[in-house]
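For reference, the structure is listed below as structure tokens.
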Amino acid sequence: MRLSEPDSARLAGTPPAPSYLTDGTTVMSWLNTRDHKRVGVMFLIAVIAAFFLGAIFALTLRMKLLQPGPFLMDALSYNRLFTLHGIVMIFLFLIPSIPSAFGNFVLPLMIGARDVAFPRINLASFYLYLAGAAIAIYGMVHGGADTGWTFYTPSSRSSSACSSSGSRPSSRA
Amino acid sequence: MNELLRRLLFLPDQASTFARDIDQLHFFVILTTFAVSTAVGLTAIFFFILYRRRSDTQTTPHIEPPVWMEALFVIVPLFFFLLWFFIGFAEFVRQQTPPSDSMDVYVMGKKWMWKFAYPDGPNAINVLRVPAGRNVRLLMTSRDVIHSFYVPEFRMKKDVLPGRYTDQWFNAVEPGRYQILCAEYCGAGHSIMRGEVIVMRPQDYEDWLASQKRGLASRQDGAPTLFDFAPPLGNLVEQGKRVAAEQGCFKCHSTDGTRHIGPTWLDLYHRRERLNDGKLIDADEAYLTRSMMDPAQEVVDGFQPVMPSFEGKISGPEVAALVEYIKSLQSDAVRTGPSEGPAYAPVRTR
């Protein structure tokens, strides 16, 4: 878009905006920010934390594989652990990483916008992510899902952890 | 060359007629991509050094590549990808098409074991015995969840699904023992769901088969005891006939070609049937199994959807026996076209 004469004159005279890093240094100034760059950085920290959590699960899995047979944990715990690893890595790291962290930070700069269209919703999406992550991890640890992140039926349907009625008698015995 | 690459890539032995062809495609793809990505990487490093910024005021010249060069960069990779696709597709079609002279073995996967049943006799758990150099077709189904039948040395992997049949054929070259693995996560015992293919010399296989049949016969001769729970009697065809009688199949299905409540079983196998929704189907193993498990879904035109589902009422081996029994019901007369349903459709006149 071509700028009109007065616009370009005004823009040329504007002093450079303060860096998003120096615009308030308290914790609240970050948690309550509407700056797309700050939201992006908070997302980056959150998904990296999720990545490390998933990596700890992965390292535990590899440690169990040092020796065949029951070692460190039994088969069921192993299956639950790789389900946790898969879900944390896919849904809490891989999917949100690019659009939420880098998309928030870089995309408005690339298209020349001052910020995203709805800065408060943008901030709310970060807190929704945290709440969703907490619910997902609590649900899996509490319910003991052992189906792998693909949740294939009918294996996942017959898993006691995932059937709605809990200890359903097997109809195909 | 083949052996060197196989060892470099830590691939298992090549023990079936597919293995070498699949490996050669694998080598072709991996060597080409390795060579090209190395060349791209080295060129990038070379350009980084050659075109580095030499002064702060240096500007980047605008370069327009000639059309032929752009076309080259599109056509050459496209050519390779299409070539690999066509080689892979030809191999896929070959693997999906069992030769007509292959011998059948029924495979049933369940948590967490493999069961094998031969049409002419023995059953086995976790051990599949086949003669070397013979085409073998596996007709596979699962009793509970999805499994996958995987023999790395044969370069052969096929999903095994509950409620339907999948088939896979192979021809083992060398006598030997090869591991069967389950390649679809199926629960707590997935990692111990292992079996073995024992490829025997053809003569050894015949001897084994004969000894198995003798064993079955002698067991049948003795008086039944309390400990004889469900002994496998006779071959699959006879078992199927027994199962059909027990389950009451003959109340609706005839075996002599006469029309009853359900279609006759005579010449049913591979008959072209028209369904009540107008679709033409081939009554193969898969259709027969589906008709037992979900009969209301595909009803032959002219019949009522009155058959109950037998899902959960008959076991995997019993389904295999029934299918084998239906396959055995062949009249010698040559038939043309579908034989069931109304003999002639009423002519509509205005």
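The values are calculated or read from the model by the stated rules, or taken from the named source; none is laboratory data. Everything numeric here is computed off the predicted structure, so don't read it as measured data. FYI the Cβ positions are ideal-geometry reconstructions off the backbone, even for glycines, and counts take in every protein chain you see. Surface areas here come from the heavy atoms of the whole protein model, side chains and all, with no ligands, DNA or RNA. Shrake-Rupley method; radii C 1.70, N 1.55, O 1.52, S 1.80 Å.
Contact with the other protein chains removes 30 Å² or more of accessible area, compared with the isolated chain and a 1.4 Å probe, from these residues of the stretch B:166-195: B:184, B:185, B:188. From helices alone, chain B scores -12000 deg cm²/dmol at 222 nm; the rule is -39500 (n - 2.57) for each run of n ≥ 4 DSSP H residues, then divide by the residue total.
Which value results when the Cα radius of gyration for the stretch B:103-214 is divided by 2.2 N^0.38 Å? Don't jump to the answer; show the numbers that get you there.
Working: Rg = 13.4 Å, N = 112, 2.2 N^0.38 = 13.2 Å.
Compared with the compact-globule rule of thumb, the stretch B:103-214 sits at 1.01.
Solvent exposure of the stretch A:26-158, expressed per residue, is 59 Å² of accessible area, with all protein chains present and a 1.4 angstrom probe.
Output the pairs from B:110/B:327; A:64/B:313; A:64/B:157; B:213/B:241; B:115/B:241; B:110/B:251 with a Cα-Cα distance over 29 Å in this structure; if there are none, say none.
Details: B:110/B:327 25 Å; A:64/B:313 41 Å; A:64/B:157 27 Å; B:213/B:241 19 Å; B:115/B:241 21 Å; B:110/B:251 31 Å.
Pairs exceeding 29 Å: A:64/B:313; B:110/B:251.
Neighbouring Cβ atoms from other chains, within 10 Å of the Cβ of residues in A:144-157, number 3 on average. For the residues B:281, B:146, B:22, a GNM of chain B with alpha-carbon springs under 10 Å puts the largest fluctuation on B:281.
When the Cα gyration tensor is reduced to axis lengths a ≥ b ≥ c, the ratio a/c is 1.5 or higher for the stretch B:12-141, and with a/b above b/c it is classed as prolate. Between B:151, B:107, B:36, the Gaussian network model of chain B with springs among Cα atoms under 10 angstrom shows the greatest mean-square fluctuation at B:36.
Annotation: per residue accessible area for chain B equals 60 Å², rounded to a whole number [probe 1.4 Å, protein chains only]. Surface composition of the stretch B:236-328: carbon plus sulfur atoms hold 51% of the accessible area, using a 1.4 angstrom probe and ignoring ligands, DNA and RNA. Note on chain B: GNM, Cα springs under 10 Å; of B:312, B:109, B:163, the largest mean-square fluctuation is that of B:312.
In this simple spin-label model, placing a label point 7 Å from the Cα along the Cα-to-Cβ direction at both residue B:102 and residue B:42 gives a separation of 4.4 nm.
Rounded, prolate or oblate: which one fits the protein assembly as shown, using the alpha carbon gyration tensor with axes a ≥ b ≥ c (rounded when a/c is under 1.5, else prolate when a/b beats b/c, else oblate)?
Values: a/c = 2.03, a/b = 1.90, b/c = 1.06.
Note, shape of the protein assembly as shown comes out prolate.
Based on Cβ point charges of +1 for Lys and Arg and -1 for Asp and Glu, what charge dipole magnitude is obtained for the protein assembly as shown about its Cα centre, in debye rounded to the nearest 20?
Dipole of the protein assembly as shown, to the nearest 20 debye: 1020 debye.
Here the calculated FRET efficiency for residue A:115 and residue B:214, from their Cβ-Cβ distance with R0 = 60 Å, stands at 0.10, rounded to the nearest 0.05. What angle do you read, to the nearest 10 degrees and between 0 and 90, between the alpha-carbon axis of helix B:236-247 and the longest principal axis of chain B? Taking Cα atoms only, the helix is inclined about 60 degrees. Within the accessible area of the stretch B:85-162, the carbon and sulfur atoms contribute 59%, probe 1.4 Å, all protein chains present. Remark: accessible area buried at the A-B interface is about 1000 Å², both chains counted, probe radius 1.4 Å. Rounded to the nearest 10 square angstrom, residue B:207 shows an accessible area of 80 square angstrom against a 1.4 Å probe.
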